[in-house]
Amino acid sequence: MSQPSPRANASAVLHRNLRSTPQLALAGDGVHLVDADGRRYLDASGGAAVSCLGHGHPRVTAAIIAQLGKLEYAHTSFFTNEPSERLAQMLVERAPPGFGKGRVAFLGSGSEAMEAALKLARQYFVEIGQPQRSRFISRRMSYHGNTLGALAVGGHAGRRALYQPILIETSQIAPCYAYRDQRAGETEEAYGLRVADELDAAIRRLGPERVAAFIAEPIVGATLGSVTAVPGYFARIREICDRHGVLFIADEVMCGMGRAGAMFVSAQEGVRPDIITIAKGLGAGYQPIAATMASERVAGAIEAGSGLLANGHTYMSHAVACAASIAVIETIEEEGLLDNVQRMGALLSRRLNEAFGQHPHVGDIRGRGLLQSLELVADRDSKQPFAAKEGLAANIKRTAQSLGLICYPSSGTADGVNGDHVLLAPPFTIDAGHVDEIVDKLGAALAATLPAARSAA
């Protein structure tokens with residue numbers, strides 16, 4: 001008789017923390033998750049801003065089942081499939097100007113989408129006879145994914161540190177982070193132009209003939225906590241890119257697909273990217289899917305040149321994932337959920353400001369639509385952050401979950417190491433009662449964690 005393994009009762013999953021196994025989620029029900037003990041959690045962050053329709057939406061699950069009954073997978077070197085063709089057309093029809101005759105590649109994650117965007121930019125310049133352009137510029141405190149290329153263009157010191165020796169060389173400029181970086185007496189317009197002009201200086205320093213693309217999140221997500229740019233910033237960015245023949249890659253993985261109240265944040269900003277990456281809300285968590293969107297300019301150059309896409313993946317254009325995403329987009333539009341995002345986003349912002357606007361450890365409340373954040377500080381006047389050693393973000397996450405609230409606290413907000421924020425990205429389907437519950441439970445979590453952090457600071 002075989003003996004039981006010494007690991008019989010331990011998880012074999014390579015979890016994020018190898019010393020503990022997370023609680024077991026057994027079910028999802030609307031805006032709630034349910035664990036193995038039957039306890040319900042209000043999913044106020046949609047995981048990582050993914051579950052925009054909540055859990056168990058019948059229309060999306062029906063679309064997945066229907067597609068499985070027809071075709072689950074066919075490799076893209078042999079066939080295309082109906083859901084991918086339809087989804088691509090839906091996206092280019094809704095994209096900012098310049099994408100009407102563009103092309104879309106479907107992948108498995110936001111990180112893969114950014115890798116594809118970097119490769120696409122590189123191929124574009126090879127196709128048009130400028131192969132010397134291989135350098136990428138991004139912004140400090142940005143996050144563009146967790147694969148090596150995506151980490152290399154990311155600007156969060158803490159997330160890059162372990163892998164720094166194996167990352168390609170890139171350049172970073174300042175983010176548009178008015179809370180910490182706008183000078184006393186400086187107007188928003190002047191501040192935006194000042195930090196945008198760092199891009200012009202960086203391109204000139206590297207040599208315009210060497211720079212391929214600039215990458216930015218229209219609303220910075222995980223690393224800064226829903227930081228929006230000041231008016232005029234992205235218009236200047238576009239002007240600088242055009243001046244030097246540099247592509248602009250807009251990373252809308254977290255902020256796009258309705259999260260900020262529009263399908264594309266670039267359109268809200270009035271800016272025309274050359275490449276857009278999307279994920280998260282594209283599939284709402286029902287299937288792993290992301291997309292890299294090539295504008296007419298980029299796709300046209302490749303079509304007129306070699307005509308061949310140099311980058312491919314096994315699960316590109318997965319039929320079931322694309323079918324799920326079609327249902328997600330149709331649900332958002334037919335149920336009027338963009339309007340609800342705007343209404344509930346305004347209510348959430350107002351309630352957060354009412355509850356925490358004068359809190360001694362809440363330095364800033366910011367965001368757009370249902371992408372809202374609180375930046376936490378040890379001292380409001382000086383904006384001094386809590387030190388990383390206090391582990392504030394992790395404590396808030398753990399406490400909030402014990403109270404039945406799933407939120408997205410993160411650390412390193414101030415400088416990549418120190419500082420904390422709490423990001424909220426609830427489903428587009430929430431109502432006023434859910435908003436009140438989010439604010440009340442978050443208040444209880446902060447009350448339970450901040451006194452200890454304050455005494456230790």
Practice problem: Give me the accessible area per residue for the chain, probe 1.4 Å, as a whole number in Å². | Solution: 43 Å²
Quiz item: Say each of I166 and D415 gets a label point 7 Å from the Cα, pointing the same way as Cα to Cβ; how far apart are those two points in nm?
Solution: 2.9 nm
Quiz item: Bin by bin, in steps of 10 Å, what percent of the Cα pairs in segment 114-245 do you find, going until the bin that has the longest distance?
Solution: 12, 41, 36, 10, 1
Quiz prompt | Hull-based mean projected area of segment 30-83, where the convex hull spans the alpha carbons, in square nanometres | solution = 5.6 nm²
Quiz item: Between segment 36-62 and segment 231-249, what is the C-alpha centre distance in whole Å?
Solution: 37 Å
Quiz item: Counting only protein heavy atoms and using a 1.4 Å probe, what share of the accessible area of the chain belongs to carbon plus sulfur, as a whole percent?
Solution: 52 percent
Exercise. Binning at 10 Å from 0, report for segment 1-101 what percent of all alpha-carbon pair distances ends up in each bin.
Key: 11, 22, 28, 24, 12, 2, 1
Quiz item: For L107, which sequence-distant residues (separation of 5 or more, or a different chain) have an amide H within less than 5 Å of its own amide H, given hydrogens modelled in the peptide plane?
Solution: A290, A291, T292, S317
Quiz item: Short version: what are the Cα gyration tensor semi-axes of the chain, square root of 5 times each eigenvalue, largest first, in whole Å?
Solution: 33, 29, 22
Quiz item: For a label point 7 angstrom out from the Cα of T61 toward its Cβ, which stretches of segment 326-342 have the backbone nitrogen within less than 19 Å?
Solution: 326-332
Practice problem: Can you tell me the equivalent ellipsoid semi-axes for segment 57-146? Use √(5λ) from the Cα gyration tensor, largest first, whole Å. | Solution: 31, 17, 14
Quiz item: Where Rh is the Kirkwood radius over the Cα pairs of segment 293-427, the temperature 25 °C and the viscosity 0.890 mPa s, what D in µm²/s does Stokes-Einstein return?
Solution: 133 µm²/s
Quiz item: Rounded to whole Å and sorted largest first, what semi-axes of the equivalent ellipsoid does the C-alpha gyration tensor of segment 108-169 yield via the square root of 5 times each eigenvalue?
Solution: 22, 13, 9
Practice problem: Just read off the accessible area of D364 with the full protein assembly in place, 1.4 Å probe, to the nearest 10 Å². | Solution: 40 Å²
Quiz item: Over segment 164-229, one equal point on each Cα, no solvent: what is log10 I(q)/I(0) by the Debye formula at q = 0.24, 0.27 Å⁻¹?
Solution: -1.13, -1.22
Self-check item: About the Cα centre, charge dipole magnitude for the chain (Lys/Arg +1, Asp/Glu -1 at Cβ), debye
Solution: 1020 debye
Practice problem: May I ask you to evaluate 6.51 cos²θ - 1.76 cosθ + 1.60, the Karplus curve with θ = phi - 60°, for each residue of segment 413-429 and list the ³J(HN,Hα) values in order in whole Hz, giving x for glycine and proline? | Solution: 4, 6, 8, x, 10, 9, x, 9, 9, 10, 9, 10, 8, x, x, 5, 8
Self-check item: segment 339-418 - Debye-derived log10 I(q)/I(0), Cα point model, q = 0.25 Å⁻¹
Solution: -1.28
Exercise. Could you quote the convex hull projected area for segment 206-271, Cα atoms only and averaged over all directions, in nm²?
Key: 4.7 nm²
Quiz item: Given R₀ = 45 Å, FRET efficiency for R204-Y73 by Cβ-Cβ distance, to 0.05?
Solution: 0.40
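The values are calculated or read from the model by the stated rules, or taken from the named source; none is laboratory data. What you see is a predicted model, and the numbers here were worked out from it, not measured in a lab. Quick reminder, even Gly has a Cβ in these numbers, built from the backbone with ideal geometry, and neighbours come from all protein chains shown. The accessibility values were calculated without ligands, DNA or RNA, using every heavy atom of the protein model including side chains. Shrake-Rupley method; radii C 1.70, N 1.55, O 1.52, S 1.80 Å.
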